[in-house]
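I have placed the structure first, in the form of structure tokens, so that the comments after it can refer back to it.
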Amino acid sequence: MEQCACVERELEKVLHRFVMYGHQSEERLDELLRSVCEIRGQLVAFGVQDADLSVLSQTMAQCCKNIKETVQMLASRHKDIHGSVSKVGKAIDRVRTGSSANFDAEISAVVAETVWDTPERQKYLSETIVEHLYRQGMLSVAEDLCQESGVVIDMSMKQPFLELNRILEALRMQDLRPALEWAVTNRQRLLDLNSSLEFKLHRLYFISLLSGGIGNQMEALQYARHFQPFASQHQRDIQILMGSLVYLRHGIENSPYRGLLETNQWAEICNIFTRDACALLGLSVESPLSVSFASGCMALPVLMNIKQVIEQRQCSGVWTHKDELPIEIDLGKKCWYHSVFACPILRQQTSESNPPMKLICGHVISRDALNKLTNAGKLKCPYCPMEQNPSHAKQIYF
């Protein structure tokens with residue numbers, strides 16, 4: 001990880017030098033252009049005949065000298081950037097050659113060979129990729145994939161993503177009208193979700209009017225009527241917005257309310273809209289493909305280490321290529337989506353075919369453990385112990 005961080009630091013240095021090189025190049029070239037234009041203007045105004053040739057010669061020589069020095073300076077700094085780029089390449093080589101665990105080209109040993117062996121599974125994979133492309137707004141790429149893979153996507157599935165991307169694109173251009181129309185149309189459903197999206201859209205539109213200065217005062221006062229349905233829930237926020245009108249003549253940016261003009265509000269409103277729109281559509285905020293990819297990136301190093309241990313100890317039978325992994329891999333709370341239960345008796349995770357069962361005494365075990373512990377129609381809890389009828393156990397649903 002330290003070597004990867006070193007690559008990232010070198011890359012940041014290159015990007016910083018590249019940006020600075022661009023700014024400095026523009027400044028020096030603009031300066032030279034102004035100097036040449038001034039000389040040209042003097043020649044046009046006074047004429048070559050009236051000009052002192054010795055002064056003109058010195059001026060032209062100095063101009064040529066400045067141009068030569070600028071070209072040499074830019075070439076030297078451009079060479080420095082090439083040196084920084086080569087350092088990034090060397091840092092990557094150190095990561096690649098320093099440890100086999102950093103980059104391992106052979107990962108087939110940790111992948112089940114039959115995972116995509118049926119047309120049905122391949123169809124699911126293609127549909128997942130197409131859905132991800134629709135979520136990202138890459139509509140033309142998704143259509144090409146559908147044609148080449150033969151996947152047929154129903155228009156009812158496609159349309160919500162088209163609308164979602166259209167509104168998000170407008171928000172990125174700081175156009176609130178499509179989002180406001182969508183929020184008003186779905187007002188009741190948003191209220192059922194306890195969403196504040198519509199209020200925050202109106203709030204952001206009101207702030208955009210405030211940023212226009214005193215000329216928008218009457219329009220801002222009239223637009224404030226949109227806050228009436230939200231007065232009970234967002235009273236404090238509305239009071240702050242109305243109080244800012246006092247400083248409109250002197251500029252909100254010069255008032256105690258300058259925090260209303262923070263630019264990160266546009267990124268925030270995009271995230272809120274995406275979250276609430278996906279909730280109404282019954283979709284997760286992140287696409288299943290991106291979540292699976294991120295989880296795989298976190299799990300792959302652990303799986304590669306397991307593979308290495310298995311090969312060293314010659315116990316290849318441990319990895320059976322079934323649905324379960326040989327050990328539990330912690331992916332962090334971000335990747336927790338469903339409650340799970342591991343049977344304390346058999347040490348196995350429960351499933352639909354082997355659900356968790358609650359005994360009369362309150363202890364929970366898996367159905368397989370329940371069947372194995374049952375003897376002559378009676379069950380003795382391994383924790384109490386309390387004798388009971390196994391038919392009285394109830395299935396638990398997560």
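The values are calculated or read from the model by the stated rules, or taken from the named source; none is laboratory data. Quantities reported herein were computed from a predicted structural model and do not represent experimental measurements. We place every Cβ from the backbone using ideal geometry, glycine too, and count neighbours over all the protein chains shown.
General remarks:
- Any hit, the range 344-359, residues being more than 30 Å from CYS297 (Cα to Cα) and surrounded by fewer than 11 Cβ atoms within 10 Å (Cβ to Cβ): no
- Pairs with Cβ under 6 Å, 6+ apart, first in the range 359-378 and assigned by TED's automatic domain parsing to the domain that holds GLN395 and within 15 Å of PHE341 (Cα to Cα), second surrounded by fewer than 18 Cβ atoms within 10 Å (Cβ to Cβ) and among the polar types (S, T, N, Q): SER366/ASN354; ARG367/ASN354; ASP368/ASN354
- One residue stands out in the range 6-46 among those that are under 15 Å from ILE67 (Cβ atoms) and aliphatic (A, V, I, L, M): the one that is surrounded by the fewest Cβ atoms within 10 Å (Cβ to Cβ), namely LEU33.
- The residues in the range 134-154 that are part of a helix (DSSP H, G or I) and either assigned by TED's automatic domain parsing to the domain that holds GLU268 or in contact with a Lys or Arg (Cβ under 9 Å, 6 or more places away or on another chain) (or both) can be counted, and the count is 4.
- Applying the set (1) over 19 Å from HIS132 (Cβ atoms); (2) charged (D, E, K, R); (3) surrounded by 14 or more Cβ atoms within 10 Å (Cβ to Cβ) to GLU262 leaves exactly one unmet item: (3).
- Only one of the numbered conditions (1) at pLDDT 75 or above; (2) closer than 30 Å to ILE153 by Cα is not met by VAL88, and that is (2).
- Breaking point among (1) closer than 27 Å to VAL302 by Cβ; (2) in contact with a Phe, Trp or Tyr (Cβ under 6 Å, 6 or more places away or on another chain), for LYS333: (2)
- Hits in the range 180-200 - residues which are over 17 Å from PHE227 (Cβ atoms) and of a type outside the set (Phe, Trp, Tyr): GLU181, THR185, ASN186, GLN188, ARG189, ASP192, LEU193, ASN194
- Pairs meeting the criteria (first residue in the range 250-269 and touching a residue at least 60 places away in the same chain (Cβ under 8 Å) and assigned by TED's automatic domain parsing to the domain that holds LEU204, second residue surrounded by 12 or more Cβ atoms within 10 Å (Cβ to Cβ) and in a helix (DSSP H, G or I), beta carbons under 7 Å, at least 6 apart or on different chains) are GLN265/LEU204; TRP266/LEU171; ILE269/LEU171; ILE269/LYS200; ILE269/LEU201; ILE269/LEU204.
For every residue, the table says whether it meets (1) modelled with pLDDT under 80; (2) exposed (fewer than 11 other Cβ atoms within 10 Å of the Cβ).
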residue	(1), (2)
ASN102	yes, no
SER108	yes, yes
ARG121	no, no
GLU127	no, no
VAL130	no, no
SER140	no, yes
SER149	no, no
ILE153	yes, no
LEU162	no, no
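- Just one residue in the set LEU204, LEU245, LEU221, LEU191 is in contact (Cβ under 8 Å) with a residue 60 or more places away in the chain, in the same structural domain as LEU171 (by TED's automatic domain parsing), part of a helix (DSSP H, G or I) and not hydroxyl-bearing (Ser, Thr, Tyr); that residue is LEU204.
Yes or no, residue by residue, for (1) crowded, with 18+ Cβ neighbours inside 10 Å; (2) in a helix (DSSP H, G or I); (3) in contact with a strand residue (DSSP E or B) (Cβ under 6 Å, 6 or more places away or on another chain):
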{"position": "GLN159", "(1), (2), (3)": "no, yes, no"}
{"position": "ASP175", "(1), (2), (3)": "no, no, no"}
{"position": "TRP182", "(1), (2), (3)": "yes, yes, no"}
{"position": "LYS200", "(1), (2), (3)": "yes, yes, no"}
{"position": "GLN228", "(1), (2), (3)": "no, yes, no"}
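- Residue satisfying all of: in the range 371-398; closer than 12 Å to MET357 by Cβ and among the small types (Gly, Ala, Ser); surrounded by the most Cβ atoms within 10 Å (Cβ to Cβ) among these: ALA393
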